[in-house]
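Engineer: First, the structure itself, so that you have it in front of you.
The values are calculated or read from the model by the stated rules, or taken from the named source; none is laboratory data. This is a predicted model, so every value here is computed, not measured. Cβ: placed from backbone, ideal geometry, glycine included. Neighbour counts: every protein chain shown.
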Amino acid sequence: MQTLTDGYEHWRQKTSEDGICWLTLDKAGSGTNTLNKEVLTELDCLLDQARKESPRGLVIRSIKSTGFIAGADIKEFQHLENAQQGAAAAARGQLVMQKLADLPCPTVAVIEGFALGGGLELALACDYRIAAEGFERNLGLPEVQLGIHPGFGGTVRAVRLLGAPLALDLMLSGRMLSPTEALKVHLLDRLAQPESLDAVAREILLARPARLRPPWHLRILSWGPLRPWLARKIRAQVRRRARPEHYPAPFAILELWMQHGGKGSAAYSAEARSIGELLMTPTCRNLVRVYFLRERLRNLAPKQTAVQRVHVIGAGVMGGDIAAWCALRGLTVTVQDRAVEYVQPALIRAKKLFEKRLRAPGEAAAAGERLSVDIAGDRASDAEVVIEAIVERLDAKQGLFQQLEERANADAILATNTSSIQLEEITASMRSPERLLGLHFFNPVAKLPLVEVIRGEQTDPALLAKAMSFVTQIGKLPLPCRSAPGFVVNRILTPYMLEALRAHGDGYQLETIDQAAEDFGMPTGPVELADRVGLDIALHVIGILGATLNTEAPPLLKQKVEAGDLGAKTGRGFYTFTENRPVKARDYPPPDDELRDRLILAMVNESMACLEDGIVEDLDLLDAGVVFGAGFAPFRGGPIRYAIDTGVEQIIARLEALAVRHGPRFAPRPGWRQINSVI
Ligand code: NAI
């Protein structure tokens, strides 16, 4: 066996006795393999050499436990200054992939773990692909989530290998496939146990079976005369989910296929040009920002020993779903309520969740066994985390935590899911106030990724660190917040919903108001959001935040609550709901810029207020909280980023104009004048 590593920092090369060349990627200084300029340059040289030495076959694999290749190096995107540079970087990557594809010997990618984006594109440039069994969804082309599309020839090769419908679906949705699914759709040639991957690679290279290609009925769909018809159909579907002015990448993917059908060298240059342009869009810049914000939240918690046991008190909407989520994530959970009948609905919901999310045989049943009922609350004593989610009443919570500090393990995390009660009020009656912190989950728990981790004035920092780690362990994003009314998310959503109701009072139709927010990029308009949150809860939160926001609830909201019209849950709020969907008028006046500014700048100005009050530590955390917790249009990068992109001076001027017309609530926060010093 001949080994060559000299001069190569990231790749190892060896040629085995049987004449097969093994290229192993182990990107230096990084826990994960990504394709940056140096990694590609080295691969380029190694491929030149392989061409000269003409081995019997060539294998590309990774030595990292974190997977094959996680994609292109996103950090490099940030140094690109113009579309030409972006196109040139893609073209350089394409050349390397083409060199691999053009090698006269057979080539195989051996995938163990993640092969994403550029990593999968590299595998697509090989003649064969084999993957290790036993991984969850680890194969995909998720570039669209960053506002771009594959740029190393993937838009062409995916279509050629899989046929247009599946290739476009993967690129447009960014969804991932498990190895088993990938084998079924012929993205992979073989699956193998991790320990036999090398043997299978060798076997394939020596046997040289026919290369996979789509059946004729899929190939024919990329035929010129059929393309416009199919593209039109798919474009209509995409338009239902995204607007080209907000998210141009999916439309660019379709356009590339429309023009070239995954064929010819022009398809590659068009791909490079297109990604170059997309890389320069504010959407891409902001989605990359959101990607890094997510990474930051994921990595905020110091590594700690994993939690095994959780006890949840209150099996209502929140407690029931928090308990189910923890069991889904592998923890042993006990759930307590006043009587068994209060827990039943939660157990039914949990079963549904497990069946939906855990598809492997026996997994859903195992999760069900991890979740048990403990009405007496005996098991609170051996839990490492105790989460309270009972009624939002101070006396009830005080009484419960007084008992808990006696019962629970001395180093257990004692957490409340309260959305409005100050931690300090609950701890007033505790002997050890440093033991309490807040873990504020959002409804619905299974869908919303953020958890606000609330630090009271006396909370023990070591417990907070443990709580941050616990939130990360259960696959949520922890946002550390200071205990203050509404924390971040409710504090920012409340002015948004309140302004909508005021605008309605000024004569705007409900549908027009929702449309204004959706045109901006919010996932749900403020009126529908209020109906979905529940008007009783909205009224309660406004009551709590009233003093902070210097406002009170509009009379119409109070009337609705008194009449029992609480929104989606009662079938009627501002809208009437059928099958959990609001019935909206089809014809209504279009929104105007003033209305959009009223809704959006109410949130943006309140975000600055949160920063001034030190609810979170910095503006990135604030943006992260509002994007992941309130759904603030991700392609705008967060409320503060939106203000910076628009121009802080312009935001101030718009707020001043709104303040003149609508009242002092729009007065620009003083923080705007200092922001230039922190960005
Ligand atoms: P819920 O009314 O659906 O559930 C409360 C549950 O606690 C009920 O099953 C009740 O029987 C039980 N309970 C009451 N007193 C108890 C006691 N002393 N011991 C044991 N169980 C008791 O309420 P929900 O909506 O789940 O809210 C719970 C907490 O979560 C509240 O603090 C609320 O502010 C907070 N929260 C609610 C959100 C929501 O969207 N509903 C969102 C985020 C936080």
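Engineer: Taking only pairs six or more apart or across chains, which ones have beta-carbon atoms under 6 Å, a first residue in region 578-598 that is within 12 Å of residue 513 (Cβ to Cβ) and in contact (Cβ under 8 Å) with a residue 40 or more places away in the chain, and a second residue that is outside any strand (DSSP E or B) and among the β-branched types (Val, Ile, Thr)?
Structural biologist: From residues that are within 12 Å of residue 513 (Cβ to Cβ) and in contact (Cβ under 8 Å) with a residue 40 or more places away in the chain, the pairs are 588/512; 589/512; 591/512.
Engineer: Can you report the number of residues in region 364-403 which are assigned to a loop (DSSP other than H, G, I, E, B) and charged (D, E, K, R)?
Structural biologist: 4
Engineer: Right, something else. Looking at this structure, is residue 280 within 15 Å of the ligand (Cβ to nearest atom) and within 23 Å of the chain's Cα centre (by Cα)?
Structural biologist: no
Engineer: Modelled with pLDDT of 95 or more and closer than 30 Å to residue 455 by Cβ: does that describe residue 613?
Structural biologist: The answer is yes for residue 613.
Engineer: A follow-up question, please. If residue 523 satisfies every condition in (1) buried (at least 20 other Cβ atoms within 10 Å of the Cβ); (2) more than 13 Å from the ligand (Cβ to nearest atom) but one, which is the exception?
Structural biologist: That leaves (1) as the condition not met.
Engineer: Please find, within region 381-398, the residue that is nearest to residue 424 (Cα to Cα) out of those that are away from the ligand (no atom under 11 Å from the Cβ) and of a type in the set (A, V, I, L, M).
Structural biologist: 386
Engineer: Right, here's the next one. Give me the helices (runs of 4 or more DSSP H) completely within region 149-264, filtered to those with at least 3 residues that are in contact with a Lys or Arg (Cβ under 7 Å, 6 or more places away or on another chain) and farther than 27 Å from residue 70 by Cβ, ordered by residue number.
Structural biologist: Once the helices (runs of 4 or more DSSP H) in region 149-264 are filtered for at least 3 residues that are in contact with a Lys or Arg (Cβ under 7 Å, 6 or more places away or on another chain) and farther than 27 Å from residue 70 by Cβ, nothing remains.
Engineer: If I filter region 309-322 down to residues being touching a Ser or Thr at 6+ places or on another chain (Cβ under 8 Å) and over 13 Å from residue 466 (Cβ atoms), which single residue comes out as farthest from the ligand (Cβ to nearest atom)?
Structural biologist: 309
Engineer: Among the residues of region 84-106, is any farther than 30 Å from residue 267 by Cα and free of Cβ contacts under 8 Å to residues at least 60 places away in the same chain?
Structural biologist: no
Per-residue answers, yes or no, for (1) under 27 Å from residue 228 (Cβ atoms); (2) touching a Cys at 6+ places or on another chain (Cβ under 6 Å); (3) among the aliphatic types (A, V, I, L, M):
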position: 113; (1), (2), (3): no, no, no
position: 118; (1), (2), (3): no, no, no
position: 123; (1), (2), (3): no, no, yes
position: 126; (1), (2), (3): no, no, no
position: 148; (1), (2), (3): yes, yes, yes
position: 156; (1), (2), (3): yes, no, yes
position: 161; (1), (2), (3): yes, no, yes
position: 165; (1), (2), (3): yes, no, no
position: 174; (1), (2), (3): yes, no, no
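Engineer: Considering region 74-94 alone, what residues qualify as being of a type outside the set (A, V, I, L, M, F, W, C) and surrounded by fewer than 19 Cβ atoms within 10 Å (Cβ to Cβ)?
Structural biologist: Once the filter is applied, which keeps residues that are of a type outside the set (A, V, I, L, M, F, W, C) and surrounded by fewer than 19 Cβ atoms within 10 Å (Cβ to Cβ), region 74-94 yields 75, 76, 78, 79, 81, 82, 84, 85, 92.
Engineer: Can you tell me which residues in region 323-360 are within 9 Å of the ligand (Cβ to nearest atom) and either within 18 Å of residue 385 (Cβ to Cβ) or in a loop (DSSP other than H, G, I, E, B) (or both)?
Structural biologist: Across region 323-360, the qualifying residues are 336, 337, 338, 339, 346.
Engineer: In addition: Given the condition closer than 29 Å to residue 308 by Cβ, within 14 Å of the ligand (Cβ to nearest atom) and in a loop (DSSP other than H, G, I, E, B), answer yes or no: does some residue in region 455-475 qualify?
Structural biologist: no
Engineer: Among the listed residues 448, 414, identify the single one that is away from the ligand (no atom under 12 Å from the Cβ) and either touching a helix residue (DSSP H, G or I) at 6+ places or on another chain (Cβ under 7 Å) or in a loop (DSSP other than H, G, I, E, B) (or both).
Structural biologist: Unique residue meeting the criteria: 414.
Engineer: Looking only at region 502-520, count how many residues are buried (at least 20 other Cβ atoms within 10 Å of the Cβ) and part of a loop (DSSP other than H, G, I, E, B).
Structural biologist: 1
Engineer: Could I ask something else about it? Can you run down the residue pairs with Cβ atoms below 9 Å, 6 or more apart or on separate chains, where the first is in region 24-51 and within 19 Å of residue 6 (Cβ to Cβ) and the partner is assigned to a loop (DSSP other than H, G, I, E, B) and of a type in the set (Lys, Arg)?
Structural biologist: Filtered contacts from region 24-51: 25/64; 26/64; 27/64; 38/27; 39/27.
Engineer: How many of the residues making up region 399-411 are in contact with a Ser or Thr (Cβ under 7 Å, 6 or more places away or on another chain) and within 12 Å of the ligand (Cβ to nearest atom)?
Structural biologist: Going through region 399-411 one residue at a time, the tally reaches 1.
Engineer: To continue, here is another question. Filter region 569-585 down to the residues that are at pLDDT 95 or above, buried (at least 17 other Cβ atoms within 10 Å of the Cβ) and not aromatic (Phe, Trp, Tyr) and list them by number.
Structural biologist: 572, 573, 582
Engineer: Now for a different question. Just a yes or no: is a residue in region 347-370 more than 29 Å from residue 180 (Cα to Cα) and not hydrophobic (A, V, I, L, M, F, W, C)?
Structural biologist: no
Engineer: Of all residues in region 535-582, which are hydrophobic (A, V, I, L, M, F, W, C), within 16 Å of the ligand (Cβ to nearest atom) and out of contact with any Gly (no Cβ under 6 Å at 6 or more places or on another chain)?
Structural biologist: Matches in region 535-582: 537, 538, 539, 541, 542, 544, 561, 568.
Engineer: From the list 518, 562, pick out the single residue that is of a type in the set (Asp, Glu) and under 25 Å from residue 655 (Cα atoms).
Structural biologist: It is 518.
Engineer: Restricting to region 417-445, what's the tally of residues that are touching a strand residue (DSSP E or B) at 6+ places or on another chain (Cβ under 8 Å) and within 11 Å of the ligand (Cβ to nearest atom)?
Structural biologist: Qualifying residue count, region 417-445: 9.
Engineer: If a residue has to be out of contact with any Gly (no Cβ under 9 Å at 6 or more places or on another chain) and either closer than 17 Å to residue 625 by Cβ or crowded, with 23+ Cβ neighbours inside 10 Å (or both) to count, how many in region 402-439 make the cut?
Structural biologist: Result for region 402-439: 5.
Engineer: Would you pick out the residues in region 181-193 that are under 19 Å from residue 127 (Cα atoms) and under 30 Å from the mean Cα position of the chain (by Cα)?
Structural biologist: Correct list: 182, 183, 184, 185, 186, 187, 188, 191.
Engineer: Kindly list, by first and then second residue, each pair from a residue in region 493-512 that is touching a residue at least 24 places away in the same chain (Cβ under 8 Å) to a residue that is crowded, with 23+ Cβ neighbours inside 10 Å and among the polar types (S, T, N, Q), limited to pairs with Cβ atoms under 9 Å and residues at least 6 apart or on different chains.
Structural biologist: 495/605
Yes/no per residue for (1) buried (at least 22 other Cβ atoms within 10 Å of the Cβ); (2) out of contact with any strand residue (DSSP E or B) (no Cβ under 7 Å at 6 or more places or on another chain); (3) not in a helix (DSSP H, G or I):
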| residue | (1), (2), (3) |
| --- | --- |
| 528 | yes, no, no |
| 531 | yes, no, no |
| 538 | yes, yes, no |
| 548 | no, yes, no |
| 551 | no, yes, yes |
| 587 | no, yes, yes |
| 599 | yes, yes, no |
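Engineer: Next question. Quick one: in region 361-380, which of the residues that are among the hydrophobic types (A, V, I, L, M, F, W, C) and within 16 Å of the ligand (Cβ to nearest atom) is nearest to residue 407 (Cα to Cα)?
Structural biologist: In this case the residue turns out to be 380.
Engineer: Can you find a residue that is over 35 Å from the mean Cα position of the chain (by Cα), modelled with pLDDT under 95 and surrounded by fewer than 13 Cβ atoms within 10 Å (Cβ to Cβ) anywhere in region 194-216?
Structural biologist: Yes, there is a match, as at least one residue in region 194-216 is over 35 Å from the mean Cα position of the chain (by Cα), modelled with pLDDT under 95 and surrounded by fewer than 13 Cβ atoms within 10 Å (Cβ to Cβ).
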